[in-house]
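Below is one structure, written out as structure tokens; the observations come after it.
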Amino acid sequence: MRNTSIWTAAMVTTAVASVAALAATAGEASAATTTLVVATNGDDSAAGSLAQPLRTIQRAVDLAEPGDVIAVRGGTYALTDNITITASGTASQPITLGAYQGEHVVVDGEQLPASHTPVGGSIARADRGAIHQEASYWRISDLEIVNGPYGVYCDGCNGNVFAHLSTHDNYESGFQLQGTSSNNQILNLDSYGNRDPRKNGESADGLAIKEGSGTGNVVRGARLWNNVDDGFDAWKFASPVLVENTTSYGNGFNRWNFPDFAGDGNGFKLGGGSPAPSVGHTVRNSIAFQNAAHGFTDNGNPGALALTRDTTYANAGTGFDTDTAGGTATLTGDLAVADTRAVALGSATVSSGNSWNLGGTWDNTSVLSTDPAPLTAARATDGSLPPAPSFLVPRNGANVGARF
């Protein structure tokens, strides 16, 4: 399947708000589009209008047809069963799910039995995710998803846009895309504090696109921090993923005092498996800092990775680790500052215009600022990243590294 449009977080949010506003002013949407309103004081036998909202997001999902909009009023929706999405929209009529006119919506999976799977246990596939999706052509935006057995779990998904989501403190990865999944866009995601007690930290990432294949998947504007395993994980995903304008930091530390701690702690894990598939993922204008292991690692992926204008800072391992035998990574215009080791390159790695090619000492004094506070501040109302014009920018004006 091919998704020919590029949606931004603002466009998705506007789609929700504009149709919901139409429902508020006209009482109903046009015959071609139905708006289903959900509110914490609603009733699942109601009409689903602004005056008579539904009670659960699941009921709205079950009723939605291609082109429909689900507008969720503010409040906390405590799940007793996960939200399961199995019906698809179409390329020309996607189904939209999001917060009503910017109201704050929290989807809380704490009461889901799978959130409390015991140590050594496994989560049944159908139970994975506070939002469990096996469907295509949805636009999901402006939701905070917490305490689930995964936040969002999408398997066999195509042509979806996920925008301005916050997935944190889940009992597995905050967001996981897997299976045969193509042309999905993950925009302006904040995913943090996710952990997996059942595996002592072995697999809960901020964002995982793993164990599958499918072209055209894009990550843009994500912030992935303080997750128990990796920030971004592409383990065993056999098709190229594009990641840009994304930060990954503070991952892989045992903040939960798990016994036999197994978290990896890479900022960007760009492959893996036994054997690891050969995949040419692309990461550009992205930053990995203060992770427990590497900033960027091929993790055994011998493919033609392309890392362009990326920055690493103060990672406990290597900034750029692309030394897998047979790997053909290309590193261009990258910056490594104050990592335990700046770079580990394979014999076939192409390296040009990077800080280590320029020479000199690259430490805290080499950049305008090492304070991440501007970059970690609140996002703009449209979900875009806050500006951080000095963070890890070379003091000498060298044209290397990311810019935010």
Exercise. What number of residues within the range 314-351 are closer than 26 Å to Gly221 by Cα, in contact (Cβ under 8 Å) with a residue 24 or more places away in the chain and out of contact with any Asp or Glu (no Cβ under 7 Å at 6 or more places or on another chain)?
Worked result: 11
Problem set entry | From the options Asp382, Asp363, residue that is in contact with a Ser or Thr (Cβ under 8 Å, 6 or more places away or on another chain) and acidic (Asp, Glu) | Asp382
For this session: Could you tell me which residue of the range 378-394 is surrounded by the fewest Cβ atoms within 10 Å (Cβ to Cβ), considering only residues that are farther than 23 Å from Phe296 by Cβ and among the hydrophobic types (A, V, I, L, M, F, W, C)?
Result: Ala378
For this session: Please indicate, with yes or no, whether at least one residue in the range 354-375 is closer than 18 Å to Val279 by Cα and not basic (Lys, Arg).
Result: no
Problem set entry | Options Tyr137, Tyr150, Tyr171; residue that is of a type outside the set (Gly, Ala, Ser), crowded, with 20+ Cβ neighbours inside 10 Å and closer than 20 Å to Arg220 by Cα | Tyr137
Seminar exercise, completed: Listed by first then second residue, the pairs whose first member lies in the range 232-253 and is in contact (Cβ under 8 Å) with a residue 24 or more places away in the chain, whose partner is among the acidic types (Asp, Glu) and not in a loop (DSSP other than H, G, I, E, B), with beta carbons under 6 Å and at least 6 positions apart or on separate chains, are Lys236/Glu211
Seminar exercise, completed: Residue count, the range 328-353, condition closer than 14 Å to Thr282 by Cα and either of a type in the set (Asp, Glu) or modelled with pLDDT under 95 (or both), comes to 2
For this session: For the range 250-266, indicate whether the set of residues that are within 21 Å of Tyr313 (Cβ to Cβ), surrounded by fewer than 16 Cβ atoms within 10 Å (Cβ to Cβ) and of a type in the set (Lys, Arg) is non-empty.
Result: yes
Exercise. With (1) under 24 Å from Tyr137 (Cα atoms); (2) out of contact with any Asp or Glu (no Cβ under 6 Å at 6 or more places or on another chain); (3) in contact (Cβ under 8 Å) with a residue 24 or more places away in the chain; (4) not aromatic (Phe, Trp, Tyr) as the list, and Gly48 as the residue in question, which single condition is left unmet?
Worked result: (3)
For this session: Return yes when Asp310 is surrounded by 16 or more Cβ atoms within 10 Å (Cβ to Cβ), within 21 Å of the chain's Cα centre (by Cα) and closer than 19 Å to Asn245 by Cβ and no when it is not.
Result: yes
Problem set entry | Residue in the range 329-364 that is nearest to Gly401 (Cα to Cα), counting only those that are part of a loop (DSSP other than H, G, I, E, B) and hydroxyl-bearing (Ser, Thr, Tyr) | Thr361
For this session: Determine which single condition Leu242 fails, assuming it passes every other condition in (1) assigned to a strand (DSSP E or B); (2) out of contact with any strand residue (DSSP E or B) (no Cβ under 8 Å at 6 or more places or on another chain).
Result: (2)
Exercise. Within the range 188-212, which residues are in contact with a Ser or Thr (Cβ under 9 Å, 6 or more places away or on another chain), polar (S, T, N, Q) and surrounded by fewer than 24 Cβ atoms within 10 Å (Cβ to Cβ)?
Worked result: Ser203
For this session: Scan (1) among the polar types (S, T, N, Q); (2) over 16 Å from the mean Cα position of the chain (by Cα); (3) closer than 19 Å to Ser141 by Cα for the single condition Ser274 breaks and write down its number.
Result: (3)
For this session: Looking for whichever is at pLDDT 95 or above, buried (at least 24 other Cβ atoms within 10 Å of the Cβ) and under 16 Å from the mean Cα position of the chain (by Cα) here; the options are Val218, Val243. Which one fits?
Result: Val243
For this session: Evaluate the following for Pro94: is it in contact (Cβ under 8 Å) with a residue 40 or more places away in the chain, surrounded by 14 or more Cβ atoms within 10 Å (Cβ to Cβ) and more than 23 Å from the chain's Cα centre (by Cα)?
Result: no
Exercise. Which of (1) out of contact with any Phe, Trp or Tyr (no Cβ under 7 Å at 6 or more places or on another chain); (2) of a type in the set (Gly, Ala, Ser); (3) not in a strand (DSSP E or B) is the odd one out, the single condition Ala388 does not satisfy?
Worked result: (1)
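To keep it simple, each residue is scored yes or no on (1) out of contact with any strand residue (DSSP E or B) (no Cβ under 8 Å at 6 or more places or on another chain); (2) more than 18 Å from Ala163 (Cα to Cα); (3) part of a helix (DSSP H, G or I).
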{"residue": "Ser49", "(1), (2), (3)": "no, yes, no"}
{"residue": "Asp62", "(1), (2), (3)": "yes, yes, yes"}
{"residue": "Glu65", "(1), (2), (3)": "no, yes, no"}
{"residue": "Ile70", "(1), (2), (3)": "no, no, no"}
{"residue": "Thr80", "(1), (2), (3)": "yes, yes, no"}
{"residue": "Ala91", "(1), (2), (3)": "yes, no, no"}
{"residue": "Val106", "(1), (2), (3)": "no, no, no"}
For this session: Determine which member of the set Gly397, Gly327 is of a type outside the set (Lys, Arg) and under 25 Å from Asp298 (Cβ atoms).
Result: Gly327
Exercise. If we scan the range 257-277, do we find a residue that is under 15 Å from Phe232 (Cα atoms) and outside any loop (DSSP other than H, G, I, E, B)?
Worked result: yes
Seminar exercise, completed: Among Gln111, Gln101, Gln178, the single one that is within 17 Å of Asp205 (Cα to Cα) and either surrounded by fewer than 22 Cβ atoms within 10 Å (Cβ to Cβ) or out of contact with any Pro (no Cβ under 9 Å at 6 or more places or on another chain) (or both) is Gln178
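The values are calculated or read from the model by the stated rules, or taken from the named source; none is laboratory data. Since this is a predicted model, take the numbers as computed values, not measurements. Don't worry about glycine lacking a Cβ; one is built from the backbone with ideal geometry, like all the others, and counts go over all protein chains shown.
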